[in-house]
Amino acid sequence: MNMWAWVSLALFTAWAAVAFGLRAALQRRRTGDAGFRGISGRPGSASWWAGVLFVLALLGGPAAPLALLAGMPDLPGADGNAGLRWTGLVVALSGIAATLAAQSAMGASWRVGVDTAERTDLVTSGLFAHIRNPVFTAMTITAAGLALMVPNALAAVTWAVLVLAIELQVRVVEEPYLSRVHGPAYSRYTAKAGRFVPGIGRRSPALA
């Protein structure tokens, strides 16, 4: 199964390099700003934990295949399951493509983290017409695919940590920020577009 560990590691490295490194370089070239805002909130707060957990999940991406190379066993029922790994490859590639498409759709509004003193345009077209957070959805899909390629305990924990980090980031940091900055326009948008998948997580305009 070492081949799958190397493939997973290569895919993660390529995804991280393009989705963060290349995207930041393009953002700086086009706008003069790389788009990185870092971890929000005071240490120990929910918003701070969102950033910390996100970093831990990114570190877990390469750690899971490296753990497989070091001898960590697969989860029960996954050992020797080639179909599971091929499925993971397809899912990961789909997630990578979706990540890049969603980032591109954000244009100049693309950011990693939130600066509460900053105002960016509210993107509501393309993928964003149906899903409010398509970048996060695509990242979750990518991480799920990578975990299926090396289905050990560390991969499963990494995926769970990423999901928790994204939930905290969206609910505690980004949604309150966007609601404050864009007001009624954001309320109307959240009533139409799902949070992570179409139709699910839409908010009543009275509560948005």
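Just so it is clear, none of the values below were taken in a lab; they were calculated from the coordinates. Note that this is a predicted model, so its numbers are computed, not measured. We place every Cβ from the backbone using ideal geometry, glycine too, and count neighbours over all the protein chains shown.
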Checking Ser179, Ser204, Ser187 in turn, the sole residue that is of a type in the set (S, T, N, Q) and assigned to a loop (DSSP other than H, G, I, E, B) turns out to be Ser204
Here, helices (runs of 4 or more DSSP H) confined to the range 1-77 with at least 3 residues that are more than 18 Å from the chain's Cα centre (by Cα) and within 23 Å of Phe136 (Cβ to Cβ) are 23-31
Candidates Gly145, Gly113 - the one that is closer than 21 Å to Glu175 by Cα, surrounded by 16 or more Cβ atoms within 10 Å (Cβ to Cβ), touching a Gly at 6+ places or on another chain (Cβ under 9 Å) and in contact (Cβ under 8 Å) with a residue 40 or more places away in the chain
Gly113
Can you tell me how many residues in the range 68-91 are closer than 13 Å to Met149 by Cα and among the small types (Gly, Ala, Ser)?
5
Only one of (1) among the polar types (S, T, N, Q); (2) without any contact (Cβ under 8 Å) to a residue 24 or more places away in the chain; (3) under 20 Å from Thr99 (Cβ atoms) does not apply to Thr31, and that is (2)
